[in-house]
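Since the structure comes first, as structure tokens, the remarks are kept for the end.
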Amino acid sequence: MEITRTAARRRTLAALAGTAVIAVAVQIPATAGTPTAPETGRAAHSASAKAGFSAAADDEYYKDAEGKTGEELKTALHTIISKGVTTLSYDEVWDALKETDKDPKNSGNVILLYSGKSDSADNNGGDTSQWNREHVWAKSHGDFGTSNGPGTDVHHLRPTNVKVNSIRGSKDFDKGGEEVEGAPGNFTDEDSYEPRDEVKGDVARMILYMDVRYEGDDDFADLEANDDVNNGSKPNIGRISVLKEWSEQDPPDDFEKNRNQVIFDKFQKNRNPFIDHPEWVKEIYK
Ligand SMILES: [Ca+2]
Ligand SMILES: [Ca+2]
């Protein structure tokens, strides 16, 4: 944690140093063929700037989490991400998903979470050929329904094909089973669902966001990840040991970072800390 904050600062300094190097390079024609360390720092900085959240904005948003680990870190993050939140109605979720999950290659489409297919944004509905609103934290786990709150929190809601959504149902997440029809690379058995490799980390970080965001201090249950399957209607989802592995295997990519930023800027005004700081997964869930 300390190391991370220091690293973030160092990145910022490196970015500034990079600017200075460029300014000098204008006067002195380039001599070196290999990129210097400050150039690397600069590239890292512009990558995060592209996602719309600078190192300085990150330091500011998470300042109350600085230096904390374990339960203390979880408590600090809960406060940070629960402050000043705008909650959407279930109907508003449709329009939000059309923005947050927009296909970067086709702005009239959304990317479906489990199948990875690009589908027309306007093809939302209840037919098996359409997409609908998947609750990655299944809404029966804690029975929160679709009133404003966890049931409408876009951080864990994703467009999915209606048929694939019903195959996932309210199963916990774990490895194994048979491949899901219509969603290659996804597997399911009687009591669990395994998403495709490209979104394994996304699923893990969505579940852990829900765990931290909902602590039972509002009108809803305290949602907690655990290491079980067959959680049924308990306010738990498993398996945490597998979700931790998935978060490591599949770090946040541009699509996931962009949706976090769009939710922050345009819809809910809060962030998923595990997308900004995937290293916090291990800091909290030991
Ligand atoms: Ca991913
Ligand atoms: Ca919780």
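In the set ASP174, ASP191, only one residue is farther than 29 Å from ASP127 by Cβ, more than 16 Å from ligand 1 (Cβ to nearest atom) and charged (D, E, K, R); that residue is ASP174.
Scanning segment 92-120 for residues that are among the hydroxyl-bearing types (Ser, Thr, Tyr) and part of a helix (DSSP H, G or I) yields one hit, THR100.
Among the residues of segment 206-222, those that are within 10 Å of ligand 2 (Cβ to nearest atom), among the charged types (D, E, K, R) and either within 18 Å of ASN270 (Cα to Cα) or assigned to a loop (DSSP other than H, G, I, E, B) (or both) comprise ASP211, ARG213, GLU215, ASP217. Residues in segment 270-282 that are within 16 Å of ligand 2 (Cβ to nearest atom) and assigned to a helix (DSSP H, G or I): PRO273, PHE274, TRP280, VAL281.
Taking the criterion of being out of contact with any helix residue (DSSP H, G or I) (no Cβ under 7 Å at 6 or more places or on another chain) and not hydrophobic (A, V, I, L, M, F, W, C), the residues of segment 80-103 that qualify are LYS83, GLY84, ASP91, GLU92, ASP95, LYS98, LYS102, ASP103.
One residue stands out in segment 240-269 among those that are out of contact with any Lys or Arg (no Cβ under 9 Å at 6 or more places or on another chain) and assigned to a loop (DSSP other than H, G, I, E, B): the one that is farthest from ASP211 (Cα to Cα), namely ASP253.
We did not get these values from a lab; they are worked out from the coordinates using the rules stated. Keep in mind that this is a model prediction, so the values were computed, not measured. Here the Cβ is made from the backbone with ideal geometry for all residues, glycine too, and neighbour counts use every protein chain on show.
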